[in-house]
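Scroll down for the structure; my scribbles are underneath it.
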């Protein structure tokens, strides 16, 4: 099998939605910050492409027979019951499609 190495790339998606110009060389501090974040994630979660086991990898959770599935109430509010929850943002979006059924966090780059 032939493996192709892809160069480090950084794109300005606001001005270059087609990802035509790699601006990594112009913003090395951003590249280094993103590489550090990626390494932290690999240490925590692992990386199958690099054959690295993460420190906090655990078996996938299972929903037991008859367990409640997260669904919004009639007013659109979703209640999540968790003993240990960390808030990472302020805007949540419920995606109830059959292939998702997830809560997603969105952040506008312009508003923070």
Check: Inside the stretch 17-36, can you point out the residues that are assigned to a loop (DSSP other than H, G, I, E, B) and either surrounded by 10 or more Cβ atoms within 10 Å (Cβ to Cβ) or touching a helix residue (DSSP H, G or I) at 6+ places or on another chain (Cβ under 8 Å) (or both)?
Finding: 19, 21, 22, 23, 27
Margin query: Can you find a residue that is closer than 30 Å to residue 9 by Cα and at pLDDT 65 or above anywhere in the stretch 69-92?
Written below: no
Check: Can you name the condition, by its number, that residue 55 falls short on among (1) modelled with pLDDT of 85 or more; (2) not in a loop (DSSP other than H, G, I, E, B)?
Finding: (2)
Check: Does any residue in the stretch 35-54 that is within 19 Å of residue 8 (Cβ to Cβ) come within less than 8 Å, Cβ to Cβ, of a residue that is part of a helix (DSSP H, G or I) and at pLDDT 85 or above six or more places away or on a different chain, and which pairs are these?
Finding: 50/42; 52/42
Note to self: So if I check each of 39, 14, which one is modelled with pLDDT of 90 or more and not in a loop (DSSP other than H, G, I, E, B)?
What the structure shows: 39
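The values are calculated or read from the model by the stated rules, or taken from the named source; none is laboratory data. Fair warning: this is a prediction, and the values are worked out from it, not measured in the lab. Because the Cβ atoms are built from the backbone with ideal geometry, glycine has one as well, and the counts that use them run over all protein chains shown.
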